[in-house]
Amino acid sequence: MQWSIETRNLRRTFRDRPVRRLFRRAVGTPVPDKVALDSVNVTVRPGELFGLLGPNGAGKTTIIKILSTLLLPSAGEALVDGIDVAKDPDSVRRRVNMVSGGEHSGYGILTVRETIWMFSQFYGVPTKVAKKRADAMIERLNLTESADTKTSKLSTGMRQKMNIIRGFVTDPKILFLDEPTLGLDVGIAREVRAFVSEWISEHPERTVLLTTHYMAEADSMCDRVAIIDQGRVLACDTPANLKRDLAPDCVYQIEVPLWTETISPLDQMPVVRSVAMEHRGDQGRTHLRVILEEEGGIASVTDRLAKRGARVLSMTRLEPSLEDAFLNLVGHGLSSGNGENGAR
Amino acid sequence: MINRLSTTYRSLVTSGRLGWAVESNWADPFVFMIYQIVRPLFGAFILVVMFKVVTGQPASAPAFAQVYVGNAMFMLVVQVLFGLGIVIFEDRERFEMLRYIYLAPVGFGVYLTGRGLAKTIATTAGVVFTILAGWLIFGIKYDLGFGDIPYFTAAMLLGIVAILALGVALAAVAMVTSREGFGLSEGVASVFYLLSGAVFTIDILPRWMVSIGHVLPFTYWLEALRRSLLHTPYIGSLSHLSDAQILLRLSWTTAVTVIICWALLSAAEHYAVSSGKLDQRTDH
Ligand SMILES: Nc1ncnc2c1ncn2[C@@H]1O[C@H](COP(=O)(O)OP(=O)(O)OP(=O)(O)O)[C@@H](O)[C@H]1O
Ligand SMILES: [Mg+2]
């Protein structure tokens, strides 16, 4: 089968600035190259909505940049629609498009419609087709009222909707979405997700590669997810399988009064596989999410808490989630929240 | 193939229109026009004063016409080079669109050329007014007959090709070297101002500088324009060349410039994607 996206031992390193590198070498403290991607192997089938899930600095954007021809690999190969991105970037560009979130992109002087039209021209979309497609997408994303507004006057949400349409209007065979809902409010994030899901179900032969650090987004949208951390793929499967195989059966949420210590007293217990802690300063409480090696361990955990003077306020046994799978695999939680912009 | 060509053409026009939108982004088109005229005219007045101070001759001296024409035409070089440097800076930092432009199949060179064309057209208006003002205000006697028009047009077009090629290449190089982008273009423009004899003839420069001047397309471009507008050669070391020979030299120096610039653009693009400098921002 021809993969839609395939990477083989993909590696990318970054060098320090030449001047600083020379200086550090001269004073005898040379800096090694920063490894952003370390032998990444991923394969994506045509028609898949594939997710890359990972914390900040995991290498998600770097993968997207390489696949969309903005960055060359340091070693290994990356194939998009069977074409090597390093050897024939022009052919790749005609097949792909990219949208990233959390930025303020847009020619302020152009209106939404003008921007979209301009990019359709850069991709050689016939004028009539482009107009029709743009209008349909503008309506779908409830952007009609702002369609003739200058980009500089748009809110963040509107701007991102425009950005999304800019990516979809060229009808790419493969689309890269780099944290497309970053910084959007709940409602708009949901609209964007629905738009992407609908598009892919209407164009079953198209492929979407999406990066996110919202667990629930990956869980609810993606056919398959690769969990990556520090430039390595740690697991790759359907969300359901990841949860089944990686998420442990014994996950508890324990609520205690504000816990000012580190988690190490719990973490070091043999029955505890991992712990994540979240402070609710406003309520004066701390939520501990504890993954146990075995069911029976919960009693010793509450004992330990009691000895440390932490009264258990409540305790809930949780359904395993993708986050637990992630936590179990990566050993630490995501630095910023998950699903807080309404992915569930 | 036809498809590719038509996409390239449409992209060129589209980026030209974007350039024009940026260029004419003034609340009031009237103010925009005034600005396009007043700015070059102001420059012309300064030139008159400088000429009087430096040479002690009045503006009616024949040499003044040559200086005036060279200076007016060179505005195109300065404005296009500077403008394209700004395009990189703004697309990256202000509009955050550089990467999307870059990954569009149209090709970065085509996009920049389109933006440069817009700048060329906007500047041409100012150049025309300055040339007219030379006649109406400073009493310069142009001598452009009907017969000179093909020659003038050919020289003008070749010059614009060279300017655009250089502007595009410098913008691409600036993209991967300096942060601000326009610094390099501005620097090169000022060096060429001197070496191609935009104001004072290059013959007064040291030998090696003259030699550089003799391989720059802009030297021949300005000489050709001066000859067709004023019917007298300006640069002494070129006076032995016929008008046709000047045009011929303009053609091949332009061709070489285009080839070198194309190579520079490719090298800069390659460096940008291999080093990851493509969308680096100043705050990094
Ligand atoms: N141009 C660059 N120069 C130096 N280091 C870089 C560069 N680009 C990325 N890196 C480093 O490579 C690593 C991976 O970065 P990348 O942007 O791919 O992460 P990410 O998964 O997209 O993270 P985030 O969630 O923050 O967007 C980071 O440690 C980053 O500092
Ligand atoms: Mg990123």
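Only the coordinates and a few stated rules stand behind these numbers; no lab work does. Only a predicted model underlies this, so the values are computations on that prediction, with no experimental measurement involved. Neighbour counts are summed over all protein chains in view; Cβ atoms, including those assigned to glycine, are modelled from backbone coordinates with ideal geometry.
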query: About its Cα centre, what dipole magnitude does the protein assembly as shown give when the only charges are +1 on Lys and Arg Cβ and -1 on Asp and Glu Cβ, stated in debye to the nearest 20?
result: 1300
message: To make sure I understand, if each residue's beta carbon is the centre and we count other beta carbons within 10 Å, what order do B:Val31, A:Val196, A:Val85 fall in, fewest to most?
response: B:Val31, A:Val196, A:Val85
Simple Cβ-charge dipole of chain B, Lys/Arg +1 and Asp/Glu -1, about Cα centre, in debye nearest 20: 160
task: With runs of 4+ DSSP H residues as the only contributors, calculate the mean residue ellipticity of chain B at 222 nm using -39,500 (n - 2.57) per run, divided by the residue total and rounded to the nearest 500.
output: -25500 deg cm²/dmol
query: Just for the protein assembly as shown, what percent of DSSP beta bridges are antiparallel, to the closest 5?
result: 65
message: Per-residue Cβ counts within 10 Å, from other chains only, averaged over A:68-75: what number is that?
response: 4
query: With Cβ to Cβ distances under 11 Å as the rule, what net charge do the other residues near A:Gly231 carry (K, R +1; D, E -1)?
result: +3
message: Taking the alpha-carbon distance from A:Lys243 and a cut-off under 14 Å, which aspartates and glutamates remain once sequence neighbours fewer than 8 residues away in the same chain are dropped?
response: A:Asp219, A:Asp223, A:Glu319, A:Glu323, A:Asp324
Among A:186-193, A:140-147, the order from most to least packed when residues are scored by Cβ within 10 Å on average: A:186-193, A:140-147
message: Sequence gap at least 6, Cα distance under 8 Å: using those rules, report the relative contact order of segment B:7-275 to the nearest whole percent.
response: 25
- line: Note, B:Gln245: beta-carbon cut-off 14 Å, +1 each Lys/Arg, -1 each Asp/Glu, net 0
- prompt: Straight-line reach from A:Lys131: which aspartates and glutamates have a Cα under 18 Å away, not including same-chain ones fewer than 8 places off?
  reply: A:Glu114, A:Glu139, A:Glu145, A:Asp148, A:Asp171
Selected from A:Ile200, A:Thr211, A:Leu110, residue furthest toward positive end of dipole (the protein assembly as shown; charges at beta carbon): A:Leu110
statement: With -39,500 (n - 2.57) per DSSP H segment of 4 or more residues and division by the full residue count of chain A, the 222 nm estimate, nearest 500 deg cm²/dmol, is -10000 deg cm²/dmol
- prompt: In peptide B:125-132, how many Cβ atoms from other protein chains are near each Cβ within 10 Å, on average?
  reply: 0
- prompt: Alpha carbon centre of segment B:230-284 versus segment B:116-178: separation in Å?
  reply: 15
query: Once you average over the residues of A:104-110, how many Cβ atoms of partner chains fall within 10 Å of each Cβ?
result: 6
Nearest-0.05 FRET efficiency for B:Leu41 and A:Lys153, computed from C-beta distance (R0 30 Å): 0.30
statement: Summed over the other residues with a beta carbon less than 13 angstrom from that of A:Glu293, with K and R at +1 and D and E at -1, the charge totals -3
task: Rounded to the nearest Å, what's the spacing between the alpha carbon centres of segment A:280-310 and segment A:20-73? Just the number, please.
output: 37
task: Please report the relative contact order for chain A, taking Cα pairs under 8 Å with a sequence separation of at least 6, and give it as a percent rounded to a whole number.
output: 19
- request: Report, in whole Å, the centroid distance computed from the Cα atoms of segment A:222-237 and segment A:78-120.
  value: 24
- request: Starting from the amide H of A:Asp84, placed 1.01 Å from N in the peptide plane, find each other amide H under 5 Å away whose residue is 5 or more places distant or on another chain.
  value: none
message: Taking every DSSP beta bridge with both residues inside chain A, roughly what % is antiparallel (nearest 5)?
response: 65
- prompt: Got a sec? How would B:Thr124, B:Thr7, A:Thr29, A:Thr211 order by Cβ neighbour count within 10 Å, fewest to most?
  reply: A:Thr29, B:Thr124, B:Thr7, A:Thr211
field: Cut-off under 5 Å, modelled amide H: who pairs with A:Asp16 long-range
entry: A:Lys34
query: Tell me, A:Lys131, B:Lys119, B:Lys141 in order of fewest to most beta-carbon neighbours within 10 Å?
result: B:Lys141, A:Lys131, B:Lys119
- prompt: Hey, what do the phi angles of segment A:256-263 turn into as Karplus ³J(HN,Hα) couplings, whole Hz, using 6.51/-1.76/1.60 and θ = phi - 60°, x for Gly and Pro?
  reply: 10, x, 2, 9, 8, 7, 7, 7
